[in-house]
1. Out of region 30-47, which residues are more than 18 Å from R13 (Cβ to Cβ) and either loosely packed, with under 12 Cβ neighbours inside 10 Å or aromatic (F, W, Y) (or both)?
2. Which of the residues belonging to region 30-56 are modelled with pLDDT of 95 or more and assigned to a loop (DSSP other than H, G, I, E, B)?
3. When the residues of region 59-89 are narrowed to those that are β-branched (V, I, T) and more than 19 Å from R13 (Cα to Cα), which ends up nearest to the chain's Cα centre (by Cα)?
4. State which residue is nearest to P75 (Cα to Cα) when the search covers only region 17-29 and only residues that are in a loop (DSSP other than H, G, I, E, B) and in contact (Cβ under 8 Å) with a residue 12 or more places away in the chain.
5. Go through (1) free of Cβ contacts under 8 Å to residues at least 40 places away in the same chain; (2) under 17 Å from G71 (Cα atoms) for S12 and report which single condition fails.
6. List every residue pair whose Cβ atoms lie under 9 Å apart, where the two residues are 6 or more positions apart in sequence or sit on different chains, the first residue falls within region 40-52 and is over 18 Å from G70 (Cα atoms), and the second residue, located anywhere, is among the basic types (K, R) and outside any loop (DSSP other than H, G, I, E, B).
7. For the subset of region 1-13 comprising residues that are buried (at least 18 other Cβ atoms within 10 Å of the Cβ) and not in a strand (DSSP E or B), which member is farthest from the chain's Cα centre (by Cα)?
8. Identify, please: which residue in region 58-91 is in contact with a helix residue (DSSP H, G or I) (Cβ under 9 Å, 6 or more places away or on another chain) and among the β-branched types (V, I, T) and is, among those, surrounded by the fewest Cβ atoms within 10 Å (Cβ to Cβ)?
Amino acid sequence: MSLTISLPSVLSRLTDGSRALSASGATVGEAVADITRRFPSLAPRLIDDAGQPYPFVTFYLNDEDIRFSGGFTAPVRDGDELTVVSAVAGG
């Protein structure tokens with residue numbers, strides 16, 4: 001399946017300036033693995049060593065938080081959009 005992954009602007013510097021990436025896979029996890037293979041410097045910002053999402057990074061599949069729909073095992077369909085939101089801290 002082909003879907004679009006939208007990244008926050010802070011991560012676009014790791015993808016040659018692209019905020020929207022085309023990805024393939026049957027699940028959210030496979031799609032994230034696809035883009036982290038193509039952009040290895042993106043991986044440590046999205047997933048841990050076991051390939052699971054960091055708690056401070058939220059993934060939304062078609063505006064639905066994947067934590068409530070199967071996490072990285074959530075199935076994707078052609079044309080879906082996965083939005084990545086990373087926590088920002090400061091003071």
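1. R37
2. F39 - this is the single residue of region 30-56 that is modelled with pLDDT of 95 or more and assigned to a loop (DSSP other than H, G, I, E, B).
3. By that ranking, first place goes to I66.
4. Per the stated criteria, the residue is A26.
5. It is condition (2) that S12 fails.
6. Within 9 Å, the pairs are A43/R37.
7. Only one residue fits best here, namely L11.
8. The selected residue is V88.
The values are calculated or read from the model by the stated rules, or taken from the named source; none is laboratory data. This structure is a prediction, so every number in the text was calculated from the model and none was measured. Heads up, the Cβs are rebuilt from the backbone with ideal geometry, glycines too, and the neighbour counts pull from every protein chain shown.
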